[in-house]
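A.B. asks: Would you mind keeping the following structure in view while I ask a few things?
The values are calculated or read from the model by the stated rules, or taken from the named source; none is laboratory data. Values in this document were obtained by computation on a predicted structure and should not be read as measured data. Here the Cβ positions follow ideal geometry from the backbone for every residue, glycine too, while neighbour counts run over all protein chains shown.
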């Protein structure tokens with residue numbers, strides 16, 4: 001219908017935008033026309049108008065992206081300003097549509113409350129459709145609780161009026177009864193908890209599914225990777241580390257019971273490697289281009305495969321369409337009938353947008369399967385689309401409305417997200433003892449920075465380092481930056497030669513950038529001491545250009561906070577490089593130190609396999625059948641006003657655990673932890689649940705997507721769910737790993 005419209009030129013597209021604005025006003029008029037719906041047809045009509053409008057705008061947005069950013073982008077350079085204008089307008093239109101849709105939902109719920117008069121005990125009676133408290137609603141159909149499913153009640157009410165609007169609802173067993181609504185909304189759309197008897201049946205059915213068997217060969221995986229030109233670097237890394245991976249898999253199988261695990265059907269879509277992304281990472285990866293994300297993808301692919309799951313790998317939008325062809329055949333927006341074709345989807349931010357485009361209306365039914373690789377993290381206030389709009393946060397990322405734990409980070413820096421991590425490659429092991437014995441470590445300083453631009457403002461600092469050590473570098477020669485002649489540059493080295501150089505080096509010197517990369521861990525694993533640059537004040541999106549677009553307010557206390565916080569001395573010395581005396585004192589002590597190579601377990605092959613296996617088994621964002629980590633690990637702390645849960649937990653050598661917020665978000669539970677509320681009320685903001693010490697009021701969270709370890713408020717004390725952690729495997733609490741793995 002709209003295909004020919006989007007092939008027009010730029011001026012015609014602007015005209016199309018004006019038409020859309022007119023269409024929006026038409027929707028507003030329709031809203032008032034149907035303000036009090038009298039029958040189902042008017043409600044259906046509004047839903048169809050809203051859906052059609054969203055498809056229209058999304059189609060224009062996708063075409064705008066493809067036309068200006070696509071293969072003919074160079075010829076469209078003159079339309080850069082137009083592109084930005086269209087992007088802003090489209091975002092604004094979509095936001096308006098969301099608001100209008102919310103108002104329509106409210107009207108439908110209001111109409112339902114006023115007009116429902118069914119007498120069927122199993123249907124939405126007038127008494128059941130009124131505003132019920134959680135206990136009253138939960139008791140219906142045998143539910144024990146709707147805790148953690150804040151939209152369940154509203155969705156049931158919506159289904160009561162709209163279940164005949166799509167023929168597929170009936171095919172799922174929806175028949176107008178309340179229990180059929182809850183069954184559908186728990187097992188298909190994941191808005192409600194599963195009915196107790198259904199849990200038993202599904203558990204029994206799951207027991208019959210194929211089991212994951214650990215693998216001790218990577219040959220078949222390497223053959224799959226060889227079919228994708230874009231995956232050459234990943235293939236070479238896995239091939240190089242093959243012995244490490246196999247040894248680690250065997251060791252983990254001896255340590256933990258890996259039998260009787262259901263085999264998952266897993267899609268891994270690497271959006272950053274697609275031609276549509278425009279990043280050209282695959283083309284530049286052997287020229288010193290960014291490797292952090294590819295390292296993580298490589299280790300994720302190897303881990304999922306060795307753990308015995310069935311994998312599909314995609315590196316292009318066309319390939320993604322082929323894999324998901326069955327999913328995209330629905331024109332009526334209904335979810336897929338029968339068993340979902342996938343159990344897990346690993347994707348990056350770019351790939352997520354591509355997946356959304358390919359799946360269309362079916363995307364919503366696969367949201368809970370997503371695991372999004374996200375290097376720097378996405379905090380809840382940037383993930384929540386309406387909250388972003390409310391706070392006017394400028395960021396091209398975020399607004400995805402996922403459960404924050406669905407974002408997988410490279411380091412455990414944002415407890416609201418999950419720590420996936422990566423593996424630090426070790427070139428030398430016990431098989432290389434003879435070679436290592438011949439290597440002499442001398443007073444060499446290897447500077448961290450592939451680009452000479454990183455060095456140019458650091459000459460006074462390097463002059464101090466030179467007093468204590470011979471300075472070496474591994475940066476591009478072609479960069480025309482005047483550097484002191486005392487620097488010995490080796491150029492870009494392959495992994496083996498770089499680690500050989502690290503074995504000869506005393507200190508690995510940070511310059512302050514890049515932030516949070518894998519290189520310092522490689523240096524420490526080879527016996528170097530890392531000179532880590534302290535940031536005072538901490539760097540964040542308010543004072544550092546690099547972080548201005550990132551969906552986080554996290555503050556970096558140093559170039560590598562993980563090394564500073566979780567490793568520390570003698571392997572890591574964090575100093576203010578602007579303070580000459582501090583630098584000199586640190587270097588004097590470093591040169592007297594002799595340290596052994598050290599690598600935290602969580603960055604080994606075995607550590608990553610262990611962590612990912614537990615995540616696959618225990619993280620459930622669809623049915624949410626149990627709290628993980630187990631509630632026995634909960635340690636409740638009360639923060640001071642203006643103090644976040646991240647800060648108070650960290651101060652106590654603990655970690656904030658957002659999975660426990662659901663449990664704490666009740667007056668009865670708070671009382672068990674000696675927090676007595678005279679009164680309570682529910683609101684939606686980042687600092688909830690919280691306690692007002694002046695009037696003994698408890699403020700509870702009404703929007704589960706805003707549960708945040710990071711939020712704080714100057715007048716209220718946050719009620720914080722903390723837990724302890726295993727040193728070297730911080731994703732797990734002490735004492736619960738063995739119990740969780742050995743069921």
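A.B. asks: Examine the range 538-555 for a residue that is closer than 19 Å to residue 519 by Cα and touching a strand residue (DSSP E or B) at 6+ places or on another chain (Cβ under 7 Å), and state whether such a residue exists.
C.D. replies: No, every residue in the range 538-555 fails to be closer than 19 Å to residue 519 by Cα and touching a strand residue (DSSP E or B) at 6+ places or on another chain (Cβ under 7 Å).
A.B. asks: Residue under question is residue 313, and the condition is that it be part of a helix (DSSP H, G or I), in contact with a helix residue (DSSP H, G or I) (Cβ under 8 Å, 6 or more places away or on another chain) and surrounded by 20 or more Cβ atoms within 10 Å (Cβ to Cβ); does it hold? Don't jump to the end; show me each part of the working.
C.D. replies: Numbers: part of a helix (DSSP H, G or I): no; in contact with a helix residue (DSSP H, G or I) (Cβ under 8 Å, 6 or more places away or on another chain): yes; surrounded by 20 or more Cβ atoms within 10 Å (Cβ to Cβ): yes.
Criteria not met by residue 313.
A.B. asks: Scan the range 172-185 and give yes if some residue there is assigned to a loop (DSSP other than H, G, I, E, B), surrounded by 17 or more Cβ atoms within 10 Å (Cβ to Cβ), modelled with pLDDT of 85 or more and in contact with a strand residue (DSSP E or B) (Cβ under 7 Å, 6 or more places away or on another chain), otherwise no.
C.D. replies: No, there is no match, as no residue in the range 172-185 is assigned to a loop (DSSP other than H, G, I, E, B), surrounded by 17 or more Cβ atoms within 10 Å (Cβ to Cβ), modelled with pLDDT of 85 or more and in contact with a strand residue (DSSP E or B) (Cβ under 7 Å, 6 or more places away or on another chain).
A.B. asks: Just for the range 382-395: of the residues that are under 10 Å from residue 551 (Cβ atoms) and either out of contact with any strand residue (DSSP E or B) (no Cβ under 8 Å at 6 or more places or on another chain) or without any contact (Cβ under 8 Å) to a residue 24 or more places away in the chain (or both), which one is surrounded by the most Cβ atoms within 10 Å (Cβ to Cβ)? Give the derivation first.
C.D. replies: At the first step, the residues of the range 382-395 found to be under 10 Å from residue 551 (Cβ atoms) are 382-383, 388, 393, 395.
Imposing the further condition that a residue be either out of contact with any strand residue (DSSP E or B) (no Cβ under 8 Å at 6 or more places or on another chain) or without any contact (Cβ under 8 Å) to a residue 24 or more places away in the chain (or both) reduces the set to 382, 388, 393, 395.
Numbers: 382: 23, 388: 20, 393: 16, 395: 15.
Ranking the qualifying residues of the range 382-395, first place goes to 382.
A.B. asks: Continuing with the same structure: If you go through the range 584-607 one residue at a time, how many are within 17 Å of residue 560 (Cβ to Cβ) and in a loop (DSSP other than H, G, I, E, B)?
C.D. replies: Looking only at the range 584-607, we keep the residues that are within 17 Å of residue 560 (Cβ to Cβ), and these are 586, 590, 595, 598-600, 602-603.
Imposing the further condition that a residue be in a loop (DSSP other than H, G, I, E, B) reduces the set to 595, 598-600.
The qualifying residues number 4.
A.B. asks: Only one of (1) modelled with pLDDT under 95; (2) touching a helix residue (DSSP H, G or I) at 6+ places or on another chain (Cβ under 9 Å) is not met by residue 709, so which one is it?
C.D. replies: Exception for residue 709: condition (1).
A.B. asks: Can you find a residue in the range 537-556 that is closer than 25 Å to residue 500 by Cα and either surrounded by fewer than 20 Cβ atoms within 10 Å (Cβ to Cβ) or assigned by TED's automatic domain parsing to the domain that holds residue 505 (or both)? Before you say what the answer is, go through the steps one by one.
C.D. replies: First, the residues of the range 537-556 that are closer than 25 Å to residue 500 by Cα: none.
No, every residue in the range 537-556 fails to be closer than 25 Å to residue 500 by Cα and either surrounded by fewer than 20 Cβ atoms within 10 Å (Cβ to Cβ) or assigned by TED's automatic domain parsing to the domain that holds residue 505 (or both).
A.B. asks: Given the criteria on the phi > 0 side of the Ramachandran plot and either loosely packed, with under 14 Cβ neighbours inside 10 Å or assigned by TED's automatic domain parsing to the domain that holds residue 500 (or both), does residue 568 qualify? Give the derivation first.
C.D. replies: Numbers: on the phi > 0 side of the Ramachandran plot: yes; either loosely packed, with under 14 Cβ neighbours inside 10 Å or assigned by TED's automatic domain parsing to the domain that holds residue 500 (or both): yes.
Spelling it out, residue 568 is indeed on the phi > 0 side of the Ramachandran plot and either loosely packed, with under 14 Cβ neighbours inside 10 Å or assigned by TED's automatic domain parsing to the domain that holds residue 500 (or both).
A.B. asks: In the range 685-733, what count of residues is obtained for those that are in contact with a strand residue (DSSP E or B) (Cβ under 8 Å, 6 or more places away or on another chain) and touching a residue at least 60 places away in the same chain (Cβ under 8 Å)?
C.D. replies: Selection size over the range 685-733: 21.
A.B. asks: Consider residue 292 carefully, then state whether it is modelled with pLDDT under 90, surrounded by fewer than 20 Cβ atoms within 10 Å (Cβ to Cβ) and either out of contact with any strand residue (DSSP E or B) (no Cβ under 6 Å at 6 or more places or on another chain) or over 29 Å from residue 210 (Cβ atoms) (or both).
C.D. replies: On the way: modelled with pLDDT under 90: yes; surrounded by fewer than 20 Cβ atoms within 10 Å (Cβ to Cβ): yes; either out of contact with any strand residue (DSSP E or B) (no Cβ under 6 Å at 6 or more places or on another chain) or over 29 Å from residue 210 (Cβ atoms) (or both): yes.
Yes; evaluated as a whole, the condition is true for this residue.
A.B. asks: I've got another one for you. Out of the range 239-271, which residues are crowded, with 20+ Cβ neighbours inside 10 Å and either free of Cβ contacts under 8 Å to residues at least 24 places away in the same chain or part of a helix (DSSP H, G or I) (or both)?
C.D. replies: Step one: list which residues in the range 239-271 are crowded, with 20+ Cβ neighbours inside 10 Å, which gives 241, 245, 248-249, 252, 258, 264, 266-271.
Once the filter is applied, which keeps residues that are crowded, with 20+ Cβ neighbours inside 10 Å and either free of Cβ contacts under 8 Å to residues at least 24 places away in the same chain or part of a helix (DSSP H, G or I) (or both), the range 239-271 yields 245, 248, 249, 252, 271.
A.B. asks: For the list (1) in contact (Cβ under 8 Å) with a residue 24 or more places away in the chain; (2) more than 28 Å from the chain's Cα centre (by Cα); (3) within 22 Å of residue 156 (Cα to Cα), I need the number of the one condition that residue 188 fails.
C.D. replies: Of (1) in contact (Cβ under 8 Å) with a residue 24 or more places away in the chain; (2) more than 28 Å from the chain's Cα centre (by Cα); (3) within 22 Å of residue 156 (Cα to Cα), only one is false for residue 188: (2).
A.B. asks: Looking at the range 354-381, I want the residues that are on the phi > 0 side of the Ramachandran plot and have a partner that is at pLDDT 95 or above with Cβ atoms under 7 Å, at least 6 apart or on another chain. Which pairs are those?
C.D. replies: 377/407; 377/409; 377/417
A.B. asks: Also, I was wondering about something else. Of everything in the range 186-199, what is at pLDDT 75 or above and part of a helix (DSSP H, G or I)? Give them in sequence order.
C.D. replies: Of everything in the range 186-199, those that are at pLDDT 75 or above and part of a helix (DSSP H, G or I) turn out to be 186, 187, 196, 197, 198.
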